[in-house]
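Structure, as C-alpha cells:
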Amino acid sequence: MVKYAREPANATKSCKARGSYFRVHFKNTRETAQAIKHMDLTKAKRFLEDVIAHKQAVPFRRFCGGVGRTAQVKLVHTNGQGRWPAKSARFLLDLLKNAESNAEVKGLDVDSLHVSHIQVNRAPKQRRRTYRAHGRINPYMSSPSHIELILSEKEAEVRKEAEEGSHKTKKQSRLAN
C-alpha cells in the first residue's frame, strides 16, 4: 500500500489514483494540476481536452518566468500568463480516467465526483548528456513527476432547521423567568 500525502475525509465516498516517475515536465504538470483542483470530474476532463485542443489555456501562476501572455487566461488569472501543456494534460487526463474507473469499481456516483486533492512532486532527474564545442560535455536532464489525486463525492449540504423557541430576545427570556 502506498502512502498518500493526504487521506480523504470520508474514505468510503472517495477514490484515489497515483502515478510515479512520469516522464513529463514537473513545472507544466504542477500548473495544470492546480488549474483542475476542486473542479468537478466532468469539468476537469473537458478542461484538459480543451487544453490539448488549444481551446483553453492553463494559467501559470508560480512557474511563470518567460511564459507568454494570452487572452484565454485573462478570465481566470490576472497576470494573463498561460500555456497549453498538452503532454501534461494527457497524463493528467489518463490519471483522471483511472480514478474514475476506480470509483465505478467502488460503486460511487461518478457524476457527483470532484477533485478534492491533487499533488505533483518532483521525481529524481534522469541524466543524459549533450556534446558541446571544444570537446566538452554538458548534462541534459529531464524533470519527471510523481502525481497523486483523490476524487470525492460532493456531500449534499443540509440546512440547519431553526428551533421554534430560538426567536426570543433577551427581554423575552428575562420575562419568561
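The values are calculated or read from the model by the stated rules, or taken from the named source; none is laboratory data. Values in this document were obtained by computation on a predicted structure and should not be read as measured data. Using ideal geometry, Cβ is built from the backbone for each residue, glycine included, and neighbour counts are taken over all protein chains shown. When the accessible area is computed, the model is the full protein with side chains, heavy atoms only, and any ligands, DNA or RNA have been set aside. Shrake-Rupley method; radii C 1.70, N 1.55, O 1.52, S 1.80 Å.
Odds and ends about this structure:
- Selection status of I147, more than 26 Å from I36 (Cβ to Cβ) and at pLDDT 95 or above: no
- Any chance Q72 is assigned to a helix (DSSP H, G or I), open to solvent by 50 Å² or more (accessible area, probe 1.4 Å), modelled with pLDDT under 95 and out of contact with any Cys (no Cβ under 7 Å at 6 or more places or on another chain): yes
- Residue count for region 99-119, restricted to those that are surrounded by fewer than 16 Cβ atoms within 10 Å (Cβ to Cβ) and either touching a His at 6+ places or on another chain (Cβ under 6 Å) or not hydroxyl-bearing (S, T, Y) (or both): 8
- All positions within region 6-46 that are modelled with pLDDT under 95 and closer than 15 Å to S145 by Cβ: none
- Checked against (1) farther than 22 Å from G107 by Cβ; (2) surrounded by 14 or more Cβ atoms within 10 Å (Cβ to Cβ); (3) hydrophobic (A, V, I, L, M, F, W, C), L41 passes all but condition (1).
- Selection over region 12-25 of residues that are assigned to a helix (DSSP H, G or I) and either surrounded by 12 or more Cβ atoms within 10 Å (Cβ to Cβ) or in contact (Cβ under 8 Å) with a residue 12 or more places away in the chain (or both) gives a count of 1.
- Members of region 5-30 that are closer than 18 Å to D94 by Cβ and of a type outside the set (A, V, I, L, M, F, W, C): K16, R18, G19, S20, Y21, R23, H25, N28, T29, R30
- For G80, the criteria (1) open to solvent by 30 Å² or more (accessible area, probe 1.4 Å); (2) out of contact with any Gly (no Cβ under 8 Å at 6 or more places or on another chain); (3) more than 21 Å from E148 (Cα to Cα); (4) free of Cβ contacts under 8 Å to residues at least 24 places away in the same chain hold in every case but one, which is (1).
- K125 being over 22 Å from Y21 (Cβ atoms) and surrounded by 10 or more Cβ atoms within 10 Å (Cβ to Cβ): no
- Residues satisfying the stated conditions in region 128-158, i.e. in a strand (DSSP E or B) and either under 17 Å from the mean Cα position of the chain (by Cα) or surrounded by 16 or more Cβ atoms within 10 Å (Cβ to Cβ) (or both): S145, H146, I147, E148, L149, I150, L151, S152, E153
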